[in-house]
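Scroll down for the structure; my scribbles are underneath it.
Nothing in this text is a laboratory measurement; each read-out follows from the coordinates by a stated rule. In this text the structure is predicted, and so the values were computed from the model without any measurement. Quick reminder, even Gly has a Cβ in these numbers, built from the backbone with ideal geometry, and neighbours come from all protein chains shown.
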Amino acid sequence: MKKLFLFNALLIFGVTINAQYAQTKMQLSVTEHDFGTFKEEAGRQTFDFLLTNTGTDPLVIQNVVASCGCTTPEWTKQPIPAGGNGKVTAIYDPLNRPGPFSKTLSVYTNSKPEVVVLTIKGEVTPHEKTVEELYVFAAGAVRFESSNLAFTNVKKTEKKIRVMQLINTSTAPVKVEFDGLPAYVTLKANPETLKPGQKGLVEGTYDATKNPGWGNLTDMIRIKLNGVTQENIYYQVTANLVEDFSSLSKEDLANAPVFKVASTTVDLGKIKGSTQNEVEFKFTNEGKNDLIIRNIKAACGCTVVQQGNQGVGIKPGQSSSIKAVFSSGGYVGKVTKPIYVYTNDPKNSEVVLMLNADVEQPPVVK
């Protein structure tokens, strides 16, 4: 009797185990697909990962997560019965994504294992760019690679040269000139007159020795085509003028001034709208030579900086401060405004001071 009971118990236990481990089972046709090489203009590429439920209970695909936004997954949403078929579809978008790629799809199910990773890969051949894509800035019949000729960092002791391509998209010759150039910028088109469909270069020179400014500067230049100034169209010339420390010796660097700010951030806390709020950044020259504040400028007109320290030699060990007034105007909520300080400290030639505030406006009376 005991043997019969034990046999029945083992039989029931075995059935229970089999029931636990034979509920659902997902069998995939493949777990990786190679799209090969295809052109970007071919558009979205699609592949179906086919699957079969080889278990005894319905298989549910709970979610599919792609490794990036370039891949969109789709999958069988309804439960897949035992012996039934389903699929996970991978859709890859090659737009603006030239070159080789390898992406994954994580498939979550009620099967074991709970997560299966599928892979798609391939290589996208970039499409041939149009004239509009290559020359994005249009000025009448002429298109430029960009609206901004960027000289990036320019030492105050140097002249820097930059070039940019342009093209005449019209059916007639066009003479290209630039109007309103500052003394420190020269611009010319080469050739000056472009034939129909002809490409050329904008050749620019930035002479920082003639510009008294410091830091990031922008000049808006007018464009003339066949002697006619283009209305409401400006060509930007930008540069970041920095001090030239290249000639300093090790001894010079060891004895250089040091711009040490007590705190680079001042928090005004909660303030009212349409009010004037003074801020002060205290600093000390911890170096061994005179510290010179080359320039101080705010990022917007809402902050007015007092220029009392500009150009004045601050002796070693001497302290001073940079003062500014922030106009809260119509701002609402948290506001951050930068103030840029340019000095002759080789290690701190450009320092960003931050002004924080939380502006409260009075309630609107209806």
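Quick notes
- Estimated inter-spin distance, GLU286 and GLN198, nm [label 7 Å along Cα→Cβ]: 6.1 nm
- Length gained when the stretch ASN216-VAL261 is fully extended (0.36 nm per residue, less Cα-Cα span): 14.0 nm
- Average Cα contact separation per residue, the chain, under 8 Å, 6 or more apart, as relative contact order %: 11 percent
- The distance separating the Cα centre of the stretch 232-260 from that of the stretch 288-329 comes to 17 Å.
- Over the stretch 21-125, relative contact order from alpha-carbon pairs under 8 Å, at least 6 apart, %: 35 percent
- Each part gets one Cα centre, and for the stretch 339-361 versus the stretch 112-180 those centres are 32 Å apart.
- Euclidean distance of C-alpha centroids, the stretch 75-99 and the stretch 29-73, integer Å: 4 Å
- Residues in the stretch 185-222 that a label on ASN148 would reach, taking backbone N under 13 Å of a point 7 Å out along Cα→Cβ: 216-220
- Per the Cα gyration tensor, the chain maps to an equivalent ellipsoid with semi-axes of 63, 37, 22 Å, ordered largest to smallest.
- Residues of type lysines that LYS159 reaches as a straight line, Cα spacing below 24 Å, ignoring anything fewer than 8 places off in the same chain: LYS188, LYS210, LYS297, LYS347
- FRET efficiency for the pair GLU278 and TYR108, taken as 1/(1 + (r/R0)^6) with r the Cβ-Cβ distance and R0 = 56 Å, rounds to 0.45.
- Antiparallel DSSP beta bridges within the chain, as percent of all bridges there, nearest 5: 85 percent
- In this simple spin-label model, placing a label point 7 Å from the Cα along the Cα-to-Cβ direction at both VAL364 and GLU74 gives a separation of 4.4 nm.
- With R₀ set to 56 Å, the beta-carbon distance separating LYS315 from GLN236 gives a calculated FRET efficiency near 0.90.
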